[in-house]
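Contents: one structure, followed by commentary.
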Amino acid sequence: MSMRVSVEEDRCCGSGQCVLLAPDVFDQREDDGTVVLLDPAPPEGLHEEVRESAAVCPGAAIGVREDA
């Protein structure tokens, strides 16, 4: 299964939950805390962490698309 991740920076409130859950996929800009997408196609071993990051994102800034 493949996964594509996207972020909407304008919706990000900088809570950092995504970075805590999936630091190999997300980071934050130092100046304002806005999410930075490090890996738009993470390996399968990180899919659960990415799903959880999207689910807990208070700004709903993380999009996840999965294809079989």
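The values are calculated or read from the model by the stated rules, or taken from the named source; none is laboratory data. Since the model is a prediction, treat every value here as computed from it, not as a measurement. Here the Cβ is made from the backbone with ideal geometry for all residues, glycine too, and neighbour counts use every protein chain on show. Surface areas here come from the heavy atoms of the whole protein model, side chains and all, with no ligands, DNA or RNA. Shrake-Rupley method; radii C 1.70, N 1.55, O 1.52, S 1.80 Å.
Being acidic (Asp, Glu) and part of a loop (DSSP other than H, G, I, E, B) is the filter here; which residues of segment 14-33 pass it?
Within segment 14-33, Asp24, Glu30, Asp31, Asp32 qualify.
Output the residue which, of all residues in segment 14-28 that are open to solvent by 40 Å² or more (accessible area, probe 1.4 Å) and either in contact with a Ser or Thr (Cβ under 9 Å, 6 or more places away or on another chain) or of a type in the set (Lys, Arg) (or both), is nearest to Gly59 (Cα to Cα).
Gln17
Go through segment 34-64 and report how many residues are assigned to a loop (DSSP other than H, G, I, E, B), surrounded by 12 or more Cβ atoms within 10 Å (Cβ to Cβ) and free of Cβ contacts under 8 Å to residues at least 40 places away in the same chain.
4
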